[in-house]
Amino acid sequence: MNQNDVIQYIRQQFGVQPNYRLAQQWNACVFASPVNGRWFALLEQPQGETGRAYLDIQAEEPGLGEAHRMHKAGWHGVILDDQTPVATIQAALSRAFKQSLQSPEGAKQTERLIYVPPVRQTHIYHDQPLPQLGERALPFAKHKQLPAPLQKMRKLYDYTLPPASGRAKNFYVQGQSVADYTDDYRYQGDFHRYFPVYHDMTTAQLRGYFAWRTKIRQGEYVLAPDSFAYVYLYELINQIGVKTPEEGYQKLRDFQHGYAKLMDPRMGQCLQQWLRDYTIYYQLPDSAMREQFQEQIAADDAYWTLVKPTEQPAAAVTAALENYSSYDFGRCPLKKRDPALTAAIVKAAWCRLCHLPDENVESNLLGWQGESTTRPFANAVFYDRQPQRRFSRQVDALCSYHYHDGRWEHRYCVPAQRRAQKIGCLLHEIDRLIRQEFHLGRRLKPRPLAQAMLTQIEPAIAEARHQIEEERRPKIKINLANLDQIRADASVTRESLLTDEEKAAERAEEQRNVASVANTVPQPAAPQQPAEESPASDSTSAASGGAELGLTKDESYLLVHLLAGTDWQDYVRQHHLMVSILVDGLNEKLFDEIGDTVIEFDDQDQPAVIDDYREDLEDLLK
């Protein structure tokens, strides 16, 4: 006799349903009197795969032993197995139920309950299928005969288990029985359930699912109802149909790639979370953990970089801020021209912000260490077969998992509210002030940023600029101890390079100098009239400015004369140039500075500067 037989007997004989109020504490259900609520029996479900079921009854009956849970007077118990005396149990339950209907001594009788023994049933009724439609009306209709493995699977469903936890256990037990089952049934219907399991499926749906699963295992990814896909994923996270956790992980990854174009976004998000839970719960190697927690590890590395910026390279600090930012800092024109200087400015600004006394930048812009408690595979049908084990797994310095009593204790970095927008505003303002300081690109409109933080950016630009200039200044080291030797070597080299004529001229010059030194009095030199400086032509100045922009001499000439409105055609003809090529080169090289095409061809197919950008171009050529 097993627990199923006990529950069915009490239901049929007494009309009493099991109450699972103790399911969480003892994994048990109780049976109470319908009159006064007194318990007359307690059934404890087996724990684990090898556990035993116990039945405690409030009745005296030969063959019953001590109660397992109810240690009170009048309670006795028995272990439910193949050796349990069925007649003894049934007699004890009948006596306990009748006693529970009696009111306690001294209690006022308000109503009477008449117990009518059940009538022996002579006819048993079974479900009958509706008549099949004709082949013409429904061409794909076939006889839905359930194969023997699926019939066996259905019989394994344990109705005595509590609805919540029992659903997952029943799914696991049934799934293991059909782990290797294959089918070729052609199913054209649909199936939609929340947290679907085998027990929810009809005969046709069961065969349709296993036929689809057979194709998936063969690498043929065909579209199916979403609930079929969820059942397949539940099987893998419960280790149904796989021999090792590594094999299950690989099949999850294969499904993620093979079924990617067929699954909806929500399924993709769930699968990504289950893959992370899978690597932790089954303690897969570090390579799998790094693969699934790649974004988490990158975000946490960025956090530590920004918490201690003075110890980090400027490029790493900039990359960490860009990792969090909603603003595309790559559009900064100085970053394209001088990445090292731009990174130095960002690091200097961030270091200044971290030392502000009234601004807690770490918690207000980045986040803080937090902790949460949850279950592995929380939004899936998952049967935890080892809830009593304990283990810990460290993802990185900020993220870790500790498992005990069937739950995660998850420690992680809680991002600050609106972190991406806040850091995006900071980088935007740095870009805006860089453009203003270096006269680069288009001007940007200010974004809201605390005044105390905004005032730190301009000093940071000056500080970084001075630092980079010092680092780039040529360093010449002269060893003064070897200075005499250097002079001697230079003299020998010079002598070896002079010709005979040069040596004779040098000796004659030395003799004249010696003869005139004693008698010559130096006279003040007549002031020389400074040569009249000729003003640089516009073309020369423009050529200098164009060189800084990477323009060729011909491109600079064309741009200057287009801005001035003077003739350029003769120059182009004399140098055999094509105007269209010059204009394309100008537009391409000036796009980074202006952000748009600056020269267009008019109706007469002549190049002309766009008026909106004329002032910006003149400033660039100064």
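The values are calculated or read from the model by the stated rules, or taken from the named source; none is laboratory data. The model shown is predicted, which means the values in this text are computed figures rather than measured ones. Here the Cβ is made from the backbone with ideal geometry for all residues, glycine too, and neighbour counts use every protein chain on show. Surface areas here come from the heavy atoms of the whole protein model, side chains and all, with no ligands, DNA or RNA. Shrake-Rupley method; radii C 1.70, N 1.55, O 1.52, S 1.80 Å.
Tabulated data
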read-out	value
In Å², nearest 10: area of GLU471 left accessible to a 1.4 Å probe	120 Å²
For the range 439-454, 3J(HN,Hα) per residue [Karplus equation, 6.51 cos²θ - 1.76 cosθ + 1.60, θ = phi - 60°, Hz, x = Gly/Pro]	6, 10, x, 7, 6, 9, 7, x, 10, x, 8, 3, 4, 4, 7, 5
Under-5 Å amide H pairs with ALA53, H placed in peptide plane, nonlocal only	LEU80
Loop sites in the range 324-371: GluC sites (Glu not before Pro), DSSP, at most 16 other Cβ within 10 Å	GLU359
Peptides 4-10, 606-612 ordered by average Cβ neighbours within 10 Å, highest first	4-10, 606-612
Normalised convex hull volume, the range 354-455, alpha-carbon set, Å³ per residue	161 Å³
Cβ-derived FRET efficiency at R0 45 Å, TYR194 paired with GLU437, nearest 0.05	0.15
Packing-based order for 588-598, 164-174, using average beta carbon neighbours within 10 Å, highest first	164-174, 588-598
Accessible area (Å², per residue) of the range 287-344, counting only protein heavy atoms and a probe of 1.4 Å	48 Å²
Rg/Rg_ref, the range 166-243, where Rg_ref = 2.2 N^0.38 Å and atoms are Cα	1.00
For the range 431-471: rounded, prolate or oblate by the Cα gyration tensor [a/c cutoff 1.5]	oblate
Gain in span if fully extended, LEU146 to GLU60, counting 0.36 nm per residue against the direct Cα distance	26.4 nm
Stokes-Einstein D in µm²/s, Kirkwood radius over Cα pairs - the range 226-269 at 10 °C with 1.306 mPa s viscosity	148 µm²/s
Selection from ASN360, ALA380, HIS410 lying farthest towards where the dipole of the range 352-417 points positive, charges on Cβ	ALA380
For the range 261-361, alpha-carbon Rg and Dmax in angstrom	18.2, 53
Accessible surface of LEU620 - all protein chains present, 1.4 Å probe, nearest 10 Å²	30 Å²
Local electrostatic count at THR214 - Lys and Arg +1, Asp and Glu -1, tallied over other residues with Cβ under 11 Å	0
Separation of the THR455 and HIS355 label points, Cα + 7 Å toward Cβ, nm	1.6 nm
For HIS439, solvent-accessible area (1.4 Å; no DNA, RNA or ligand), Å²	140 Å²
Overall form of the range 3-45 per C-alpha gyration tensor (a/c, 1.5; a/b vs b/c)	oblate
